[in-house]
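Down below is the structure, laid out as structure tokens.
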Amino acid sequence: MRAERDHEYYQVFARRKAEEPLQHIGTVGASEPDDAEVFAYKLYDQWRWTELFVAPSAAILQVRRPE
């Protein structure tokens, strides 16, 4: 396990129903992906999600529309 200061941020996405779009619901910090999964579930369990995802912030790419 990495040191506490070596944590990474993860973006949390979810949807309530299969036909709804995926939405960004928050962020968690964790030392390992498994911990991020647990933290996201514990922090955002107030809704009954059909799907809940976590992704490392560094893995998310910004796409811009041409002007």
| request: At 7 Å along the Cα-to-beta-carbon direction for both ARG16 and ARG64, put a label point, then send me their distance in nm to one decimal. | output: 3.5 nm
| task | Kindly provide the helix-only [θ] at 222 nm of the chain, computed as the sum of -39,500 (n - 2.57) over DSSP H runs of four or more divided by all residues, to the nearest 500 deg cm²/dmol? | result | -5000 deg cm²/dmol
| field | Segments 54-65, 30-41, 9-20 sorted - mean Cβ within 10 Å per residue, highest first | value | 30-41, 9-20, 54-65
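Every read-out reported here was derived from the displayed coordinates using simple, explicitly stated rules and does not represent laboratory data. None of the values given here were measured: they were computed from a predicted structure. Quick reminder, even Gly has a Cβ in these numbers, built from the backbone with ideal geometry, and neighbours come from all protein chains shown.
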